[in-house]
Structure formats: structure tokens, C-alpha cells
Amino acid sequence: MTDRTGAGTTAACVLPRLTRLLREGKGVRIALFGSSTIEGVGASTPAHALPAIMRAVLAPFAPGGVEVIGHGVGGDDAEAMHARVGAMLADRPDLIVWQTGSNDPLKGDDVGAFVARTRDDLATMRASGADVVLMDQQYCPVLETCPAFPAFRDAVHHVAAQDHVPLFTRYVRMKSWCAELGLDPVALSPDGLHLNDRGYRLLGEALAAWLIELTGLPGGVASCYQGDDGA
């Protein structure tokens, strides 16, 4: 079976540790690592933020239990995240979902340095034995008007391809949600940068479904989390 990462490997090889633990009915620990999306900036309550939504969606697939830990600090770029890698790994995650590359173009960081730092930190994460996936940037007005943004979006995709890391394409998916639902981007990102409850719900459901798809487990996810945000 060909996966959705473009690497042409089987699903079990894409996320071997997560796949094994879920198939054996053992507990799973997932670390969400990144900046404001992981911190939950813009969510009305922690229950509407990404960790809680993903925990609810993934629970039926994890009879041994699933723990989703958020390691997010709003405004962090690659260098700031580098300083927190050790603390995140101290939680001994089985899977790391790394959201990166949104603040770097806004701060005027160098894209070459971003790529080098990201690749180094990916190697450190993988050396821990955890599965690792990348998540690219959000589709929002602030980044759309940032001249440096396209280069950083391409950089995340480049690193994922070069290092054979599964990539969750948030940017394309958010753009599709706006088109399919007839929404302006500010409907999911009212301040032009951070998600609201509806945006987090869509993201959490899609990300959890993608992870389960990569494991090859039967059943799949079809919006099994029902938020109470009225969306």
C-alpha cells in the first residue's frame, strides 16, 4: 500500500511505533510541539484547543489510552523551539507532531538557517525512538501578506521530502476548507493569524484522521469529535 506522504512506503513503515502500540492495544503518548497553534491561542477554552480535540478523536483507536501533551509557546521560531526540544523529549513521547515555520518569516529569520536548525532537531527527535511528523503553516491573512512566507512554506516541504518525514499539509487543507465551506480565512482565524474554536476543531479532526490513516488501522475517522462551538 502506498502512503499519503509521497515516500512510497507502507503505512506501517511511516509511523512504526504508533502503529505497533495501537495494534497491540497499548497506551500512546503524543507530543504536540510548536508555537501558538499548539499553545491554543485563540481557543475559547482548553477543551476547544488542539490537544483536547485530538485526544477525543483518537481515543476510540487507543484502547490502552492516549495522552496528548501540548508543548506550544506562541511566537516561537525555530531557534526558540530548539531550546525546548529537550524538555519535550523528557516526556518520552511515542509520536511527535511538530508545527513549525509560521513565526520565522514574520521575524525576518534566514530561511537557510531555518532549514539547518529544523533538520538538526528532527534528527534529535528521531534518535529518541519516537515517530515524528511535520505540520506546515496555516492559511491566514497575516502570512499571506508576508513576502518571506512562501520561501518558508517551501522550506518545510523541502525538509519533509529530503528527510522522509510525513508532512501534514495544513496550509492546503485550510485553503480547501474555506473554499468548500464558503468561508473567508478570517472565519477560521479572526485576528488574521490564530485559529478560533471552529478552526481548531477542523484541524484536530483532520490531523487525527490523517495519523490513523497512516497507521493503516481499519475504521478511519469521520468527524467523530463533536464540538460545541455551534459550527
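Solvent-accessible surface of the chain, averaged per residue with a 1.4 angstrom probe and all protein chains in place: 42 square angstrom. The GNM of the chain, with springs linking C-alpha atoms under 10 angstrom apart, assigns the highest mean-square fluctuation among Gly108, Gly182, Gly199 to Gly182.
Rounded, prolate or oblate for region 147-198? Axes are the square roots of the Cα gyration tensor eigenvalues, ordered a ≥ b ≥ c, and the cut-off for rounded is a/c under 1.5. Taking the square roots of the gyration eigenvalues as a ≥ b ≥ c, region 147-198 is prolate.
Build a GNM of the chain with springs between Cα atoms under 10 Å apart, and of Leu188, Leu32, Leu106 the one that fluctuates most is Leu106. Going by the alpha-carbon gyration tensor, a ≥ b ≥ c the square roots of its eigenvalues, is region 56-104 rounded (a/c under 1.5) or, if a/c is not under 1.5, prolate (a/b greater than b/c) versus oblate? In terms of gyration-tensor shape, prolate.
The values are calculated or read from the model by the stated rules, or taken from the named source; none is laboratory data. Just so we're clear, the structure is a prediction, and the values are computed from it rather than from any experiment. For the accessible areas, the whole protein counts, side chains as well, though only heavy atoms, and no ligand, DNA or RNA atoms are used. Shrake-Rupley method; radii C 1.70, N 1.55, O 1.52, S 1.80 Å.
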